[in-house]
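Worksheet: the structure to be examined is printed underneath.
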Amino acid sequence: MEPESENGPGGRESLRIRGISKRYPGVTALDGVDLVLRKGEIHGLVGKNGAGKSTVVKILYGVTNTDAGNIEINGADGPVEVRMADYNPIRAREMGVYMVPQEPVFALDLTIEENFFMANPLMKGFLTMDREEMRDRTVRCLRDFELDFSPNLKIRDVPMEDRHLLYTALVVDLYPSRIVLLDEVTSALRKNKCDILFAYLNRVKKDKAIALITHRVKEVIEFCDLVTVFRNGRRVVTDSVANMDEGKLANLIVGENVEIPKFAEASYIDLSADPKPMLSARGLSCAPFFSDISFALHEGEILGVTGLVESGAPQLLRCLAGVEELKGGSVSFKGKTLPAATPDFALRNGIVYGTNDRLNEGNFPELSVMDNINACVWSRLAVPPFGFLSRSREEESYREAVSSFNLKSHSPRSNILSLSGGNQQKAILTRLIATGASIFILDEPTKGIDVGTVYEILRYLRQKIISKNCGIIVNLSSIEEMLLVCDRVLTIVDGRMAGEFHRSEFSEDAIFRSIQGFV
Amino acid sequence: MRLRSFLVLAMTDFMVWVLLAILMVAGYIVEPRFITIDNLLNIISHTTPLAIMVFGLALLLMIGRIDLSMESTYALGPIVANLLVMTWFPSLPDFFALPVCILIGICVGYFNGYLSVKLGVSDFLVGLAMLLFVRGVVKYLIPEGLYGIPDSFCYLGSERLLDGRFPVTIIVLAVVFTAFYLITRKRPFGRRLLATGSNREAAFISGINTNRVQMTAFVVAGAMASFAGMISAGRQLSCTNGMGEDYIMTVLASVVLGGVVMTGGRGTIIGALGGALVLQTLENVLTLSDVNPFLQDAVFGFILLSAIVFHGVRTRQASRY
């Protein structure tokens with residue numbers, strides 16, 4: 001009856017979840033998921049964005065609660081069913097469940113050793129700390145990860161990549177963890193560091209159950225013992241990696257090849273007719289993120305540029321918009337060569353950028369909805385002779401945005417933060433559209449918003465571009481959304497151009513494989 | 001609910017005016033002569049140097065910056081300008097002192113801005129160091145004091161029209177206020193200022209030249225500091241090397257009382273003017289009512305604290321989303 005019996009490939013069962021479901025308004029994040037984690041196994045959790053793998057981990061660590069289902073954790077004295085009502089990260093830790101987050105949280109100005117023993121210093125008697133023991137254990141951790149640092153080095157001086165390793169060491173070695181959840185820890189690591197991490201995990205796994213969320217299929221095949229694939233909030237399969245290969249796993253993640261989605265009322269451009277390029281980029285590079293990238297954007301085209309988070313695709317977009325400086329290559333646009341410049345310069349040349357970090361780089365939290373929408377065009381709303389802002393023009397610009405984008409805002413003067421996430425995102429997009437720019441560079445415009453609004457935004461992009469005859473370069477984390485809205489997709493792997501797909505050759509499977517770096 | 005939000009608004013946005021009204025009534029109760037044209041004109045005239053400083057600092061606070069050295073620039077501008085035409089180059093015409101005074105403020109502001117904005121040094125620390133440095137220079141330049149400064153320099157600060165009843169400083173205040181009001185409220189610059197203060201990253205990405213906006217604010221603040229010094233020196237017909245010492249705290253208090261938030265992104269020039277008027281009126285009322293002068297600072301502090309607490313309440317509500 002249970003999907004796995006006691007004698008699976010690993011050792012003793014550490015944790016079992018049964019029939020877990022989680023619904024958010026409009027979305028089913030998890031639908032009756034079962035999962036078993038065992039000692040001695042590295043268990044890879046894979047799936048597309050929104051497939052449910054992160055939700056599972058959040059539930060296991062007590063960050064999110066469930067609508068249905070239960071968790072059983074095998075503690076020191078036999079299996080204990082977790083009471084979901086009062087399950088939280090503190091309870092999780094008490095039961096030996098620990099998580100290594102995507103971003104390590106350290107006190108930057110303390111040393112490695114101090115950070116490791118910040119919460120629970122080892123004591124020797126009532127008033128003296130056991131410095132030797134703490135030092136020894138820190139040194140041991142550093143050696144485990146082949147890190148050549150002094151334990152007295154401040155975390156601030158440790159490279160980002162190595163902080164991830166240190167945090168893993170902290171959780172796995174120094175905390176009393178029995179079940180370790182690694183949340184996309186490998187995405188920030190280069191190959192050699194990954195090897196070190198997995199060599200370490202393989203050494204320690206005999207007394208720990210390890211679950212790893214990752215987007216890299218190759219990594220699962222190479223290092224994991226077991227893999228579970230999620231799709232649309234369901235567990236598709238759990239199997240030993242020995243029975244898998246890259247292609248099979250990719251197929252399981254992507255699912256059946258369905259028809260390429262399309263907006264019925266929108267038209268896509270015909271690239272075989274060889275339309276005029278409006279922007280062409282040659283040999284762009286910005287170490288260490290990407291190098292030697294060349295492409296062209298055509299009139300009326302929506303060009304998808306995508307890759308894994310660490311691929312360099314987001315940085316490429318930022319460089320194109322002048323947010324960060326290009327270190328090499330050239331961009332020619334409207335017959336002019338654009339030097340690496342500022343967003344101010346880009347805006348004056350008709351290029352605007354929409355950030356993927358709405359909270360830190362998008363909103364003006366103190367300002368009204370109207371001011372947030374008009375932020376790029378104030379100089380245009382000023383009227384002679386004194387160049388004063390015209391209230392009627394401001395409001396006109398606001399009303400236009402609200403009606404054309406179906407933005408739900410109480411009044412022009414309400415605070416931007418009174419809007420829902422989706423409407424805040426729409427406000428940022430309208431800010432860009434109001435500029436009348438000819439090139440829109442959008443990094444994950446659909447991030448963190450509800451499904452209905454996602455489609456509204458995508459449809460808007462598809463229709464706006466036709467009426468305005470401009471070009472869009474967009475990065476979307478979901479391949480399905482790319483297929484829906486793009487004319488062409490470029491994939492970036494490890495900072496280099498990996499593939500180019502025209503609409504006629506679109507297939508989720510092929511793009512997924514290209515992003516993963518399969519040849 | 002509506003009543004509550006109205007009360008919150010009244011306590012925050014209009015608080016400074018409510019306070020001013022209360023002070024007027026209190027002043028009238030203490031001393032009926034408080035509400036006379038002459039005394040009110042006098043209060044406004046006295047407020048002028050403070051208010052001009054307050055406008056300058058308000059611009060900086062709106063972008064989330066600060067320049068503590070304004071109080072020393074307040075002395076440096078008029079002193080160097082007058083030394084120039086009186087001692088160093090007596091052959092220069094007297095009116096040269098006016099543009100030179102402003103220019104010195106611009107230079108100090110630019111320097112502070114350059115260090116804070118372009119080099120990324122903490123503006124608070126730059127201001128603190130410059131406050132000491134400039135004050136030191138001032139004390140070195142005039143160990144005694146500077147008397148008999150030219151009439152042209154004193155005109156704006158001391159001249160009275162209409163049989164000596166109407167101080168010119170009031171016109172100065174009106175002009176400076178109007179200029180600041182229009183620029184921050186009507187010109188795109190004001191919006192860019194608030195946008196930069198609200199979220200510098202987002203402003204930069206939206207194509208606002210955040211460096212230029214910030215440099216402008218620093219330069220204007222410096223210029224306003226030395227201009228305020230000019231008015232003050234003109235009123236006293238002299239400069240002392242201690243002029244403006246500890247003044248920045250009063251200026252900062254006025255700006256904050258006027259509803260400008262120190263972290264940036266929020267505030268109005270009208271509010272800042274109100275803040276300056278409240279502090280000046282308060283001083284006048286306290287003097288009239290024979291309050292122990294040592295207690296006056298305590299009253300200032302208490303009022304400021306209440307204002308900050310009310311603002312804190314509002315800010316917390318706004319950020320709960």
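Per-structure values
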{"quantity": "Hits in the range A:456-482 (condition: within 22 Å of A:Pro314 (Cα to Cα) and open to solvent by 50 Å² or more (accessible area, probe 1.4 Å))", "calculated": "A:Ser477, A:Glu480"}
{"quantity": "Among residues of the range A:326-341, those that are free of Cβ contacts under 8 Å to residues at least 40 places away in the same chain and loosely packed, with under 15 Cβ neighbours inside 10 Å, counted", "calculated": "4"}
{"quantity": "Residue check, A:Val305 within 14 Å of chain B (Cβ to nearest Cβ) and in a strand (DSSP E or B)", "calculated": "no"}
{"quantity": "Residue ID - nearest to the chain's Cα centre (by Cα), chosen from residues in the range A:353-368 that are touching a residue at least 60 places away in the same chain (Cβ under 8 Å) and at the interface with chain B (Cβ under 7 Å from one of its Cβ atoms)", "calculated": "A:Thr355"}
{"quantity": "Checklist (1) open to solvent by 20 Å² or more (accessible area, probe 1.4 Å); (2) part of a loop (DSSP other than H, G, I, E, B); (3) touching a residue at least 60 places away in the same chain (Cβ under 8 Å) applied to A:Ile449, failing item", "calculated": "(3)"}
{"quantity": "Test: residue in the range A:405-419 that is of a type in the set (Gly, Ala, Ser) and touching a Pro at 6+ places or on another chain (Cβ under 7 Å)", "calculated": "no"}
{"quantity": "Leading residue by the ranking (farthest from A:Glu366 (Cα to Cα)) among those in the range B:280-308 that are within 17 Å of the chain's Cα centre (by Cα) and open to solvent by 10 Å² or more (accessible area, probe 1.4 Å)", "calculated": "B:Glu283"}
{"quantity": "Any hit, the range B:105-113, residues being farther than 14 Å from B:Ser226 by Cβ and either surrounded by 13 or more Cβ atoms within 10 Å (Cβ to Cβ) or not charged (D, E, K, R) (or both)", "calculated": "yes"}
{"quantity": "Flag for B:Ala203 being over 30 Å from B:Leu237 (Cα atoms) and either at pLDDT below 90 or in a helix (DSSP H, G or I) (or both)", "calculated": "yes"}
{"quantity": "Complete set of residues in the range B:263-279 that are within 14 Å of chain A (Cβ to nearest Cβ) and open to solvent by 30 Å² or more (accessible area, probe 1.4 Å)", "calculated": "B:Thr263, B:Arg266, B:Thr268"}
{"quantity": "Matching residues, the range A:477-486, being at pLDDT 85 or above and touching a Gly at 6+ places or on another chain (Cβ under 8 Å)", "calculated": "A:Met482, A:Val485, A:Cys486"}
{"quantity": "Residue match in the range A:327-344 (condition: within 11 Å of chain B (Cβ to nearest Cβ), on the phi < 0 side of the Ramachandran plot and among the charged types (D, E, K, R))", "calculated": "yes"}
{"quantity": "Meets criteria (of a type outside the set (Ser, Thr, Tyr), buried (at least 23 other Cβ atoms within 10 Å of the Cβ), at pLDDT 90 or above and closer than 11 Å to B:Ala58 by Cα) for B:Val255", "calculated": "yes"}
{"quantity": "Filtered residues of the range A:28-50 (kept if open to solvent by less than 20 Å² (accessible area, probe 1.4 Å) and either at positive phi or out of contact with any helix residue (DSSP H, G or I) (no Cβ under 8 Å at 6 or more places or on another chain) (or both))", "calculated": "A:Val36, A:Leu37, A:Arg38, A:His43, A:Gly47"}
{"quantity": "Test: B:Val260 is within 14 Å of chain A (Cβ to nearest Cβ), open to solvent by less than 10 Å² (accessible area, probe 1.4 Å) and not small (Gly, Ala, Ser)", "calculated": "yes"}
{"quantity": "Of the criteria (1) under 20 Å from A:Asn374 (Cα atoms); (2) over 20 Å from the mean Cα position of the chain (by Cα); (3) at pLDDT 85 or above, which one A:Gly499 fails", "calculated": "(1)"}
{"quantity": "Test for A:Val204: is it surrounded by 22 or more Cβ atoms within 10 Å (Cβ to Cβ) and either farther than 23 Å from A:Arg513 by Cβ or modelled with pLDDT of 85 or more (or both)", "calculated": "no"}
{"quantity": "Filter result for A:Thr168 (in a helix (DSSP H, G or I), over 30 Å from A:Val36 (Cα atoms), open to solvent by less than 10 Å² (accessible area, probe 1.4 Å) and of a type in the set (Ser, Thr, Tyr))", "calculated": "no"}
{"quantity": "Unmet criterion (only one of (1) of a type outside the set (Val, Ile, Thr); (2) touching an Asp or Glu at 6+ places or on another chain (Cβ under 9 Å); (3) surrounded by 20 or more Cβ atoms within 10 Å (Cβ to Cβ)) for A:Asp357", "calculated": "(3)"}
{"quantity": "Any hit, the range B:217-227, residues being more than 11 Å from chain A (Cβ to nearest Cβ), outside any helix (DSSP H, G or I) and aromatic (Phe, Trp, Tyr)", "calculated": "no"}
{"quantity": "Within the range A:317-423, helices (runs of 4 or more DSSP H) holding 2 or more residues that are of a type in the set (Phe, Trp, Tyr)", "calculated": "A:391-405"}
{"quantity": "Positions within the range B:160-181 being buried (at least 16 other Cβ atoms within 10 Å of the Cβ) and either modelled with pLDDT under 90 or not polar (S, T, N, Q) (or both), in sequence order", "calculated": "B:Phe166, B:Pro167, B:Val168, B:Ile170, B:Val172, B:Leu173, B:Val176, B:Phe177, B:Phe180, B:Tyr181"}
{"quantity": "Identity of the residue in the range B:187-213, more than 7 Å from every other protein chain (Cβ to nearest Cβ) and open to solvent by 30 Å² or more (accessible area, probe 1.4 Å), that ends up farthest from B:Ile66 (Cα to Cα)", "calculated": "B:Phe189"}
{"quantity": "Output for the range A:301-325, where each listed residue is in contact with a Pro (Cβ under 7 Å, 6 or more places away or on another chain) and surrounded by fewer than 22 Cβ atoms within 10 Å (Cβ to Cβ)", "calculated": "A:Val323"}
{"quantity": "Pair list, Cβ < 9 Å and 6+ apart or interchain, from the range A:378-395 residues that are more than 7 Å from every other protein chain (Cβ to nearest Cβ) to residues that are hydroxyl-bearing (Ser, Thr, Tyr)", "calculated": "A:Arg380/A:Ser397; A:Arg380/A:Thr435; A:Leu381/A:Ser390; A:Leu381/A:Ser397; A:Val383/A:Ser390"}
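The values are calculated or read from the model by the stated rules, or taken from the named source; none is laboratory data. None of the values given here were measured: they were computed from a predicted structure. No Cβ is skipped: glycine too gets one built from the backbone with ideal geometry, and neighbour counts run over all protein chains shown. Side chains are part of the model used for accessible areas, which takes the heavy atoms of the whole protein and leaves out ligands, DNA and RNA. Shrake-Rupley method; radii C 1.70, N 1.55, O 1.52, S 1.80 Å.
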